[in-house]
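Colleague: First the structure, then my questions, so here it is.
The values are calculated or read from the model by the stated rules, or taken from the named source; none is laboratory data. All figures in this text were calculated on a predicted structure; none of them were measured in a lab. Note: ideal-geometry Cβ built from the backbone for every residue, glycine included; neighbour counts use all protein chains shown. SASA here: full protein model, heavy atoms, side chains in, ligands and nucleic acids out. Shrake-Rupley method; radii C 1.70, N 1.55, O 1.52, S 1.80 Å.
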There are 4 protein chains.
Amino acid sequence: MAMSTGNDDPRSEAAHYWRTSICDISPGRISFRGYPVQDLIGSVSFPAMIWLMLRGELPTVHQASLLEAALVASVDHGPQAPSIAVSRMAVSCGLPLNGAMASAINMLDDVHGGAGQQALELYLEILACVETGETLDAATAIIIDQWTASHGKYLPGFGHRFHPVDPRAGRLIDLVEDMVGKGVVTGRIAAAARAVEALMAARKGKLIPMNIDGATAVIYGELGFPPPLARGIFCLSRAVGILAHAWEQSSRGERNKGPMPRSFSFLYEGQHPKESDDRL
Amino acid sequence: MAMSTGNDDPRSEAAHYWRTSICDISPGRISFRGYPVQDLIGSVSFPAMIWLMLRGELPTVHQASLLEAALVASVDHGPQAPSIAVSRMAVSCGLPLNGAMASAINMLDDVHGGAGQQALELYLEILACVETGETLDAATAIIIDQWTASHGKYLPGFGHRFHPVDPRAGRLIDLVEDMVGKGVVTGRIAAAARAVEALMAARKGKLIPMNIDGATAVIYGELGFPPPLARGIFCLSRAVGILAHAWEQSSRGERNKGPMPRSFSFLYEGQHPKESDDRL
Amino acid sequence: MAMSTGNDDPRSEAAHYWRTSICDISPGRISFRGYPVQDLIGSVSFPAMIWLMLRGELPTVHQASLLEAALVASVDHGPQAPSIAVSRMAVSCGLPLNGAMASAINMLDDVHGGAGQQALELYLEILACVETGETLDAATAIIIDQWTASHGKYLPGFGHRFHPVDPRAGRLIDLVEDMVGKGVVTGRIAAAARAVEALMAARKGKLIPMNIDGATAVIYGELGFPPPLARGIFCLSRAVGILAHAWEQSSRGERNKGPMPRSFSFLYEGQHPKESDDRL
Amino acid sequence: MAMSTGNDDPRSEAAHYWRTSICDISPGRISFRGYPVQDLIGSVSFPAMIWLMLRGELPTVHQASLLEAALVASVDHGPQAPSIAVSRMAVSCGLPLNGAMASAINMLDDVHGGAGQQALELYLEILACVETGETLDAATAIIIDQWTASHGKYLPGFGHRFHPVDPRAGRLIDLVEDMVGKGVVTGRIAAAARAVEALMAARKGKLIPMNIDGATAVIYGELGFPPPLARGIFCLSRAVGILAHAWEQSSRGERNKGPMPRSFSFLYEGQHPKESDDRL
């Protein structure tokens, strides 16, 4: 029996099957990571609670504030972002807020929500290469060459199709530097990110500046979050904008909101009309 | 042309079709509710950002802290909650964190995620009845009778199938009282909630205490959030637990995790085996 | 113990908790509604299988063919339909086909996917009124008045914002008539639908013809499906178009496809830029 | 302008942005792949419609019947399958049928819904290796060694944790053989699948028989569907079981159905209770 706990008690087996180290619940008592819930409510900040749930320990005030900056930065990028558009369309189709959020958060997959995770993977590969004895610049060149060979020319976390300079990235990196100065984080991930930026500028002859994903990935990495949580925490942040747009949309009278105004049409580029044939 | 902006410019028509008062974006510039994003990052708390996005103005520190308490309180209730179970099952099916969160947040519909919204509707109906000249106790009796007549005996926000007393509710209400004392909120919603509790205790001869949904609904109502946002903000909170469980699950080797251990089976209670018949 | 099966055996309790009359599975054996799966494969049509799973018995050939016509009719209505647009956007965000289908099918809620269900409810209310002794015309007038009083002027199943005459509806109703002639269905639901069309034409002075939802609702009702399954079966049908568009989109190189071309922008109609204030 | 159609007309640009070769719609007219919808309704089978939408041409009767067999075979595997469990839990949380289907279909990701796609990829790699001059047996050994080296020992499409022999697979393969005899398909994919089965039996000393995913992958491959559509079509099939279980669940009174009966509990294996500390 694959999941057996080593005894024949079905209730124990089932309890083990759904085991967790996150929360403990018994009648009248709830605790998270060992802390009674009533001690957390009103005492810890929401970002600290996010950290506790994901990491198992409470953060320091400085750690929580750096995480908080990243959470604030990514909430929204307007209705042209597929996640936001889907949220608004969902409400017009009759979905309640939870359903609109679900359909919209689902959109945050590899392309729309994965850049932060990929950027952090890139930074960590560079630092792992440094561990083998390479200089940071050499390691950056090696890893970027490997990355572009296997993933293509698009480097996650740098450049933005819309913003020549992403106004969020600089502010976030400034906060990281501040925390480096305070000894809260080491700055090693930030250095890797800057090395990527510098190498690409040298190679291309122009700056392709760090974007929101590249900058939040620095924060998550400096704080010790593994790459998949860069995506996961981004989902928590973007959920706020998704909810705000769903809520705004719910006050409009639109029904079945399509991607374009109703006076617009789409182009059919398929086969010409067919006569009914024998198969019909 | 239904959505026409009054001119014949298709770009204007499309821009109007996707209009929003939440965010403004132009190359190199992003602002939310009129605030440049770089002024918000590192300056406002995550709960304050949530408030700004949903309400259009920044909260006071006290308002934000009361919202924060509600956000912290609802993050998780363990793997027997459908939202949490679905999140864990999703990861075992191969979904990335965004997908697990989507399927799980979708679960927070009327029954699993709607009690806070319904409780706030109930409180507001009672207060509206008070506005007509009834005393609070009389209004409470009138509205509860109407509510049970149209919705059934289950009163949202009170009683818990598992917890005789919900350890979250008392702490949350204490915080509300504290804020009433500071003049941050009026306490009118809290009074309505207590009137419901008292009436039911008198009628049933035993206390059916306020639960997490009833208590967070008091907070959302005191802070001026409309009922649907009680559900929406709950989704933001529960998203944290959903993510934490998805992340914990991702370190397990389980594939296609069903609801019960594999040694368990389900009961078939349908028709007996059939001979192939003419229709086959 | 709420779900107890009357004994203390946890495995029995759990088996009962997940009981079903749809499928029976044991090692090497699978049966649906009593039929061994190997007897169904290659023997029954897909629409007949749908019927068997939902109803518990196999349909006649004529019943299955009428259901099949409804399944064929509703597969797609182009990229301006939110369900189809979301499917295409999802693929561009990195979602696999299952994820694109999930986000898109979620869209088929009360407004986008509920009209067939609502139309069937309307027809059944009319026929229930006839059962009380009213003529069909009188019952139709009574029920439509009630419906518009409680739901608003929009009658589900009639009229189309885009098609003056819906080319699917007439063909579907012709097939129903054919089946009435063969004694397969009674035609009572079709008569109710026609009575609605006639009454509205008389009241408004112009024909508001039955649309795809009104016509498929006639078919589902004539075949004995309850109203919620009008929505459910529509989801099975529309899933085909959703998949086809997701698949077509996957051959395009687009990333993060928003609702409008990138040269388009959205209108910001919110607050003017704010100076940083004390709260920041 | 990336998506420009070569002129400055915004309506043309937007029409091109949402271009499709699947459906053509104008007032009063709808056609799919060139066929007017009214010519398809009542004339083509649902599997033929699925084929037309995905492939652009109608299938022959034999092709459609082989596809139909695969569609019938995969509808359901009971409440222990995560997709089915989620569907039932969703209904108990208040979701309508479309929402239950969405959350459940989302589950059909790489692990739960990807085996057919992966099996077809495996078969096609073997046949591509044969094209280079290897015998089928040699190619099978080469590709299986490569596959297990890069993907691990688990071979998609063979073996079943529950069924010693999958009752669906043999029946499906018999139908393929029948179609080979009729000249409908070539049998090359089926031969590759049998070569995999034979090689593994020789290596392991016991038969690890083809399962439903391996067998449906043979059908999809023989019919010319590319691997991702093995997953997509599986989603269409499983959607039927998902809907049937959602519908059955909707007649139960359960609210917030968790994975186990309420008398069961889960195991907490985390940190011991903590005193409130300075951070709180």
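Colleague: Out of everything in the stretch D:121-171 that is within 22 Å of the chain's Cα centre (by Cα) and charged (D, E, K, R), what residue ends up being farthest from D:F234 (Cα to Cα)?
Modeller: D:K153
Colleague: Just the residues that are open to solvent by 10 Å² or more (accessible area, probe 1.4 Å) and in a helix (DSSP H, G or I), please, taken from the stretch B:148-168.
Modeller: B:T148, B:A149, B:S150, B:H151, B:P167, listed by residue number.
Colleague: In the list C:I189, C:I173, C:I126, C:I142, which residue meets the criterion of being closer than 30 Å to A:R262 by Cβ, at pLDDT 95 or above and not acidic (D, E)?
Modeller: Details: C:I189 fails: closer than 30 Å to A:R262 by Cβ; C:I126 fails: closer than 30 Å to A:R262 by Cβ; C:I142 fails: closer than 30 Å to A:R262 by Cβ.
C:I173 is the lone residue from the list that is closer than 30 Å to A:R262 by Cβ, at pLDDT 95 or above and not acidic (D, E).
Colleague: Just one of the numbered conditions (1) part of a helix (DSSP H, G or I); (2) over 19 Å from the mean Cα position of the chain (by Cα) is not true of B:L207; which one?
Modeller: So B:L207 meets the others, but not (1).
Colleague: Could I ask something else about it? Can you tell me which of A:E269, A:E254 is touching a Ser or Thr at 6+ places or on another chain (Cβ under 6 Å) and within 14 Å of chain D (Cβ to nearest Cβ)?
Modeller: On the way: A:E254 fails: within 14 Å of chain D (Cβ to nearest Cβ).
Exactly one residue qualifies, and that residue is A:E269.
Colleague: Which ones in the stretch D:73-117 are among the polar types (S, T, N, Q), within 17 Å of C:G99 (Cα to Cα) and either more than 11 Å from chain B (Cβ to nearest Cβ) or open to solvent by 10 Å² or more (accessible area, probe 1.4 Å) (or both)?
Modeller: D:Q117
Colleague: Which numbered condition in (1) over 22 Å from D:A90 (Cβ atoms); (2) within 13 Å of chain C (Cβ to nearest Cβ) is the only one that D:H245 fails?
Modeller: Going through the list (1) over 22 Å from D:A90 (Cβ atoms); (2) within 13 Å of chain C (Cβ to nearest Cβ), D:H245 breaks only (1).
Colleague: Across the stretch A:169-194, what is the number of residues that are part of a helix (DSSP H, G or I) and open to solvent by 20 Å² or more (accessible area, probe 1.4 Å)?
Modeller: Total meeting the criteria: 12.
Colleague: For residues that are within 12 Å of the chain's Cα centre (by Cα) and among the polar types (S, T, N, Q), tally how many sit in the stretch A:210-222.
Modeller: Residues flagged as within 12 Å of the chain's Cα centre (by Cα) and among the polar types (S, T, N, Q) within the stretch A:210-222 amount to 1.
Colleague: Among the residues of the stretch C:13-61, write down those that are within 8 Å of chain B (Cβ to nearest Cβ), on the phi > 0 side of the Ramachandran plot and open to solvent by 10 Å² or more (accessible area, probe 1.4 Å).
Modeller: C:R33
Colleague: Of the residues C:A190, C:A195, which is in contact (Cβ under 8 Å) with a residue 60 or more places away in the chain and in contact with a helix residue (DSSP H, G or I) (Cβ under 8 Å, 6 or more places away or on another chain)?
Modeller: The match here is C:A195.
Colleague: May I pose another question? Can you spot a residue in the stretch B:230-241 that is touching a residue at least 40 places away in the same chain (Cβ under 8 Å) and assigned to a loop (DSSP other than H, G, I, E, B)?
Modeller: No, because not a single residue in the stretch B:230-241 is touching a residue at least 40 places away in the same chain (Cβ under 8 Å) and assigned to a loop (DSSP other than H, G, I, E, B).
Colleague: Assigned to a loop (DSSP other than H, G, I, E, B), in contact (Cβ under 8 Å) with a residue 12 or more places away in the chain and surrounded by fewer than 24 Cβ atoms within 10 Å (Cβ to Cβ) - does that describe any residue in the stretch C:122-144?
Modeller: Applying the first criterion (assigned to a loop (DSSP other than H, G, I, E, B)) to the stretch C:122-144 yields C:132-135.
Keeping just the survivors that are in contact (Cβ under 8 Å) with a residue 12 or more places away in the chain gives none.
No - not one qualifying residue is present in the stretch C:122-144.
Colleague: While we're on this one: Any residue in the stretch B:18-34 that is in a helix (DSSP H, G or I) and farther than 20 Å from A:A104 by Cβ?
Modeller: There is no residue in the stretch B:18-34 that is in a helix (DSSP H, G or I) and farther than 20 Å from A:A104 by Cβ.
Colleague: Here's something else I'd like to know. Go through (1) in contact (Cβ under 8 Å) with a residue 12 or more places away in the chain; (2) at the interface with another protein chain (Cβ under 7 Å from one of its Cβ atoms) and name the single condition A:I219 misses.
Modeller: Evaluating A:I219 over (1) in contact (Cβ under 8 Å) with a residue 12 or more places away in the chain; (2) at the interface with another protein chain (Cβ under 7 Å from one of its Cβ atoms) leaves (2) as the failure.
Colleague: Same structure, new question: Scan the stretch B:127-146 and tell me whether some residue there is touching a Gly at 6+ places or on another chain (Cβ under 7 Å) and closer than 16 Å to B:E197 by Cα.
Modeller: no
Colleague: Here's another thing I want to ask about it. Considering only residues that are in a loop (DSSP other than H, G, I, E, B) and out of contact with any Leu (no Cβ under 9 Å at 6 or more places or on another chain), look in the stretch B:46-73 and name the one that is farthest from A:H77 (Cα to Cα).
Modeller: B:T60
Colleague: Continuing with the same structure: Out of curiosity, is D:L207 surrounded by fewer than 18 Cβ atoms within 10 Å (Cβ to Cβ) and out of contact with any Lys or Arg (no Cβ under 6 Å at 6 or more places or on another chain)? Show your work before the answer.
Modeller: Numbers: surrounded by fewer than 18 Cβ atoms within 10 Å (Cβ to Cβ): yes; out of contact with any Lys or Arg (no Cβ under 6 Å at 6 or more places or on another chain): yes.
Considered against the rule, which asks whether it is surrounded by fewer than 18 Cβ atoms within 10 Å (Cβ to Cβ) and out of contact with any Lys or Arg (no Cβ under 6 Å at 6 or more places or on another chain), D:L207 comes out as yes.
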